Amino acid sequence: MLLHEVIDEVVDTGVIQQTATEKIRPFIHSQPTVVPVKVIDQPGLFGVEKRVVSGSAANKPVILSRGDLEARRNEVFLDVIEKITAQFGSDGNLQRSDVRGEIQMKSFLTGSPVIHIALSDNIVIGTEEQKTGYGTTLLEDCQFHDCVKRSERKNTFIISPPQGEFLVCSYQLSGEVMSQLPFRLQAIVEDYDTTRDIELILKLHCDAPAAAKALAVTVTVPLPKCTTGITQRLDSSGQMAEFQREEKQLVWTIGEMFGGSKFLSQFKLLVSSRANYQRMEVGPIALSFELSNYLSSHLKINTVKVYEGSHTYVPYRWVRYVTLSNSYIFRT
């Protein structure tokens, strides 16, 4: 009976009409029946063993019962992810920057819901020709999923989500973003006395708000080829430094770093010989990080509203903001 209903909705006079499970599900009323697993005793390598004829996964119904649908936890997840490319000169000034972002959604909602999301008012979606006022951010090259439609209300979008994960939109951040970049690094190389080892001082600042938290912060510094080892002095716990002999590089790792904090490290580079050009072999320095609860665009999702007429449930809505380093380079 259940199979007959499914075929009746999918095929009409021999022509396939609809195959999307989320569209068919509301029209199926028969309750699926679970076939009991048949267990048989069979001689095996170590005597009589119980073997299952079919795997338990094969007994799960393709279409959930109405009671299971109502009892299921209905959730929708929104991830706003931005990846930063930045290059700083030896004087600390920004030379080049690029921020690319995307909004990803995971939908685990019953029925055929419609989701309305509203972005913060500081966001302007358009092209470079559009003018933005003070405190606003222009998002360029915005590409939207086919299931997304723009509402007449400003920065509001109507989504008819498919089941599972999909990309709502992608965008590129336009304009000057120096004041919006989350990290600054000061690198001081002292090699004035050629009779002594090279000294390297690193100061890392996180300019994000206090609510932001960075994990797996890693600073990688190429060293002169004649470097044989290092001595280190770190200003606090929760960090470590390693000299990778084969790669001739220093890797400074900070477990976690909150917005508004700073870390200081001092290193002495032990070299087999000294020359004036060795200072030029230090750097460029690469920074990698994963920063939560912060975006360079300051984009915020103000509201997430779910509308579903045929089911009565209160969905769980989760929003997360993450900034990742794509290429974050400091020249020395």
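The values are calculated or read from the model by the stated rules, or taken from the named source; none is laboratory data. What you see is a predicted model, and the numbers here were worked out from it, not measured in a lab. So basically every Cβ, Gly included, is an ideal-geometry build from the backbone, and we count neighbours across all protein chains shown. Ligands, DNA and RNA are stripped out before the accessible areas are found, and what is left, the full protein with its side chains, is counted by its heavy atoms. Shrake-Rupley method; radii C 1.70, N 1.55, O 1.52, S 1.80 Å.
Answer with yes or no whether Arg320 is at pLDDT below 90 and either open to solvent by 80 Å² or more (accessible area, probe 1.4 Å) or touching a helix residue (DSSP H, G or I) at 6+ places or on another chain (Cβ under 9 Å) (or both). So Arg320 fails the test.
Cβ-Cβ contacts under 9 Å between residues 6 or more apart (or on different chains), taken from a first residue in the stretch 221-232 that is touching a residue at least 60 places away in the same chain (Cβ under 8 Å) and on the phi < 0 side of the Ramachandran plot to a second residue that is open to solvent by 40 Å² or more (accessible area, probe 1.4 Å) and part of a loop (DSSP other than H, G, I, E, B), are listed as Val221/Pro284; Val221/Thr332; Pro222/Glu247; Pro222/Lys248; Pro222/Pro284.
In the stretch 219-237, is there at least one residue being open to solvent by 30 Å² or more (accessible area, probe 1.4 Å), of a type in the set (Val, Ile, Thr), at pLDDT 90 or above and within 26 Å of Asp91 (Cβ to Cβ)? Yes, that holds for at least one residue. Being at pLDDT 90 or above and under 30 Å from Ala241 (Cβ atoms) is true of Leu185. Scanning the stretch 233-244 for residues being among the hydrophobic types (A, V, I, L, M, F, W, C), without any contact (Cβ under 8 Å) to a residue 24 or more places away in the chain and farther than 20 Å from Ser272 by Cβ gives a total of 1. Might you let me know whether the stretch 283-301 holds any residue that is more than 23 Å from the chain's Cα centre (by Cα), modelled with pLDDT of 90 or more and open to solvent by 40 Å² or more (accessible area, probe 1.4 Å)? For the stretch 283-301, residues more than 23 Å from the chain's Cα centre (by Cα), modelled with pLDDT of 90 or more and open to solvent by 40 Å² or more (accessible area, probe 1.4 Å): present. In the stretch 46-105, what residues are at pLDDT below 85 and under 24 Å from the mean Cα position of the chain (by Cα)? Within the stretch 46-105, Arg73, Asn74 qualify. Collect the residues in the stretch 292-317 that are touching a strand residue (DSSP E or B) at 6+ places or on another chain (Cβ under 6 Å) and either more than 18 Å from Thr156 (Cα to Cα) or of a type in the set (Lys, Arg) (or both), keeping them in residue-number order. Correct list: Ser292, Asn293, Tyr294, Leu295, Ser296, Lys305, Pro315, Tyr316, Arg317.
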